[in-house]
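So that we are looking at the same thing, I have put the structure below in structure tokens.
The values are calculated or read from the model by the stated rules, or taken from the named source; none is laboratory data. Model, not experiment: these values are computed from the prediction. Using ideal geometry, Cβ is built from the backbone for each residue, glycine included, and neighbour counts are taken over all protein chains shown. Accessible surface areas use protein heavy atoms only, side chains included; no ligands, DNA or RNA. Shrake-Rupley method; radii C 1.70, N 1.55, O 1.52, S 1.80 Å.
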Amino acid sequence: RKARMSDYDFSGRKILLAEDLEFNAEIAVEFLSEANLVTEVAENGAEAVRKFAESPEGYYSLIFMDIQMPELNGHEAARKIRSLSRSDAQTVPIVAMTANAFVEDIQKATDAGMNGHISKPLEIARLIKELTRWFGDKRRKD
């Protein structure tokens, strides 16, 4: 059977989701909540930088970053987060979430300081792969 988000338990971790389209954000939040992740949404790159900068160090376990957003795109937002003078600014995983999945798009995300890349529309298997890459295999014990 196909893996489901509800097969995993990532309790105790907070995700920052930068996504300007409400529908996309709602779907991602729903998927992530099935694995007991708490997700806070930023409506654009500038808000994502602000939320990260105003949070206590270590507050966010991972950032999912849309690339095409108003005010500040995902690449610019990732660079700004990486340039903040706080210990977790260099270490928090930042994963691009974008419909642009060409090799050059993945390279641009890497150049901007991102650690991974998930294409849209979201696929559960890819999302699980990225989450277990950073948080370990937290499958629920039945």
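Take A96 and tell me if it is part of a helix (DSSP H, G or I) and modelled with pLDDT of 95 or more. Working first, answer last.
Working: part of a helix (DSSP H, G or I): no; modelled with pLDDT of 95 or more: yes.
Spelling it out, it is not the case that A96 is part of a helix (DSSP H, G or I) and modelled with pLDDT of 95 or more.
Ok, one more. Report, by residue number, each residue of the range 50-74 that is more than 13 Å from the chain's Cα centre (by Cα) and either in a loop (DSSP other than H, G, I, E, B) or buried (at least 22 other Cβ atoms within 10 Å of the Cβ) (or both). Show your work before the answer.
Of the range 50-74, the ones more than 13 Å from the chain's Cα centre (by Cα) are 50-51, 53-59, 68-73.
If the condition is that a residue be more than 13 Å from the chain's Cα centre (by Cα) and either in a loop (DSSP other than H, G, I, E, B) or buried (at least 22 other Cβ atoms within 10 Å of the Cβ) (or both), then S55, P56, E57, G58, Y59, Q68, M69, P70, E71, L72, N73 are the ones that fit.
In the range 27-49, which residues are assigned to a strand (DSSP E or B) and over 23 Å from D7 (Cα atoms)? Steps first, answer last, please.
Pass one, the range 27-49, residues assigned to a strand (DSSP E or B): 38-42.
Across the range 27-49, the qualifying residues are V41, A42.
For (1) in a loop (DSSP other than H, G, I, E, B); (2) modelled with pLDDT of 90 or more, each residue gets a yes or a no:
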site	(1), (2)
N100	yes, no
T110	no, yes
G113	yes, yes
I118	no, yes
L127	no, yes
E130	no, yes
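Report, by residue number, each residue of the range 132-142 that is in a loop (DSSP other than H, G, I, E, B) and more than 19 Å from E30 (Cβ to Cβ). Steps first, answer last, please.
Kept after step one, since they are in a loop (DSSP other than H, G, I, E, B), are these residues of the range 132-142: 136-138, 140-142.
Across the range 132-142, the qualifying residues are G136, D137, K141, D142.
May I ask you to list the residues in the range 88-104 that are open to solvent by less than 10 Å² (accessible area, probe 1.4 Å) and touching a Lys or Arg at 6+ places or on another chain (Cβ under 7 Å)?
Listed by number, the residues that qualify are A89, M97, T98.
Give me a count of the residues in the range 38-72 that are charged (D, E, K, R), in contact with a helix residue (DSSP H, G or I) (Cβ under 6 Å, 6 or more places away or on another chain) and modelled with pLDDT of 95 or more. Reasoning before the result, please.
To start, the set of residues in the range 38-72 that are charged (D, E, K, R) comprises 40, 43, 47, 50-51, 54, 57, 66, 71.
Narrowing the set further to residues that are in contact with a helix residue (DSSP H, G or I) (Cβ under 6 Å, 6 or more places away or on another chain) leaves 57, 66, 71.
From what is left, the residues that are modelled with pLDDT of 95 or more are 57, 66.
Counting residues in the range 38-72 that are charged (D, E, K, R), in contact with a helix residue (DSSP H, G or I) (Cβ under 6 Å, 6 or more places away or on another chain) and modelled with pLDDT of 95 or more gives 2.
If I filter the range 17-32 for residues that are more than 23 Å from E123 (Cα to Cα) and open to solvent by 30 Å² or more (accessible area, probe 1.4 Å), do I get at least one hit?
Let us first name the residues in the range 17-32 that are more than 23 Å from E123 (Cα to Cα), namely none.
Looking through the range 17-32, none of the residues is more than 23 Å from E123 (Cα to Cα) and open to solvent by 30 Å² or more (accessible area, probe 1.4 Å).
On to the next question. Please list, ordered by first then second residue, the pairs with beta carbon atoms under 8 Å, 6 or more apart or interchain, first in the range 15-33 and without any contact (Cβ under 8 Å) to a residue 24 or more places away in the chain and over 16 Å from M69 (Cβ atoms), second open to solvent by less than 10 Å² (accessible area, probe 1.4 Å) and outside any helix (DSSP H, G or I).
V29/L17
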